[in-house]
């Protein structure tokens, strides 16, 4: 029993010593923490305060202006380099046309070069200066007197880099664009500006979207392109109604298809239009042929005696029943003259049409006297005015139109014109009139 008591006392005595040691350690740690806190507070309080005169000096007004100008110059230089890089990249898609002294765009990988010409001043074979200042020959492709665009055909060339188009839909108001054009010496010129939206415009007989641009285009820009800063073609710079404008590049494919049509090529080469709605199914009698709807004054068709309302029935002794039968007229040929046969008001007529080799739409014939040129007067009677809702107005006649024929008879005076109109026993009368150098036929009911 006594041994058991000593064991219990010994065991609990050791635990009491451990507790006392732990209490001593905690007090020591607390004491150290208190001393460290006092040192930190004293150090912070004793640290010297910065003096007011130690602050950096404020720059003077002159120095502030100098620093501001340096920042602006760096920004301007950065933008200039950005525009220059974009223009240099875009210039790889441009060529120079020495004959028309204008820029053209490499349009596709098939060798199509897009030219902005409304004067039809491109010869059948023309030279093209490439981006590498190499010269190559190009054949005139599709061209139209009613469109501000035309095309050339060159052989495929690895150095030709076609443009890549982008729609106006991806642009936002205020986006930067760069107008780029080629120069005669092989370099390029450019004019940066801001996109301001688009609006419809009529150029000749074609509708386009005109791009609003903050910079006016100079003559040096004709035929060039309007590019975004990534090098994509946004617009083409053309002449429209005596103005230089940029039309949407997305409108060009449809316009090229239009001017490459047979109707447009007949107008460009010979100066006449036909009714393209006539097909072989519409032709009931072979003698009806293809009806002429318009003839331009002074052109090959006019000089051959073709009139609006005539029906072309034969081409070089080959029967013509539909418009496609006239396709040989626009093919290359060695013939100087082409024989056409037709019908005019049921009567047979023959025409000798100049082949139009190496020719373009010419100006109306002029007379020269002592070195002075003036328009050759034509027969016909001008219309002073047209009463609204009258048969003439409903037929489409306008004031200043010149009446050339009424039912195949040519009036020589106003009185004679009235007599011809009143003497006709037919319900419908065919009137051929000229307006702005174009002859058309009108049906008076």
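The values are calculated or read from the model by the stated rules, or taken from the named source; none is laboratory data. All values reported here derive from a predicted model rather than from experimental measurement. Note that each Cβ is placed from the backbone with ideal geometry, even for glycine, and that neighbours are counted across all protein chains shown.
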Within the stretch 172-187, how many residues are surrounded by fewer than 19 Cβ atoms within 10 Å (Cβ to Cβ) and touching a residue at least 40 places away in the same chain (Cβ under 8 Å)? 5
Can you confirm whether residue 216 is part of a loop (DSSP other than H, G, I, E, B) and in contact (Cβ under 8 Å) with a residue 40 or more places away in the chain? no
Would a scan of the stretch 351-362 turn up a residue that is modelled with pLDDT of 85 or more, surrounded by 11 or more Cβ atoms within 10 Å (Cβ to Cβ), part of a loop (DSSP other than H, G, I, E, B) and touching a helix residue (DSSP H, G or I) at 6+ places or on another chain (Cβ under 7 Å)? no
Please work out if residue 198 is crowded, with 17+ Cβ neighbours inside 10 Å and either part of a strand (DSSP E or B) or touching a residue at least 12 places away in the same chain (Cβ under 8 Å) (or both). yes
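Could you tell me whether residue 208 is buried (at least 20 other Cβ atoms within 10 Å of the Cβ), without any contact (Cβ under 8 Å) to a residue 40 or more places away in the chain and touching a strand residue (DSSP E or B) at 6+ places or on another chain (Cβ under 6 Å)?
no
Can you pull out every residue in the stretch 300-329 that is assigned to a strand (DSSP E or B) and more than 14 Å from residue 341 (Cβ to Cβ)?
The answer is none; no residue qualifies.
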In the stretch 225-245, anything crowded, with 23+ Cβ neighbours inside 10 Å and over 18 Å from residue 95 (Cα atoms) is listed as none
When the residues of the stretch 246-261 are filtered to those that are within 8 Å of the chain's Cα centre (by Cα) and not in a helix (DSSP H, G or I), which remaining residue is surrounded by the fewest Cβ atoms within 10 Å (Cβ to Cβ)? 248
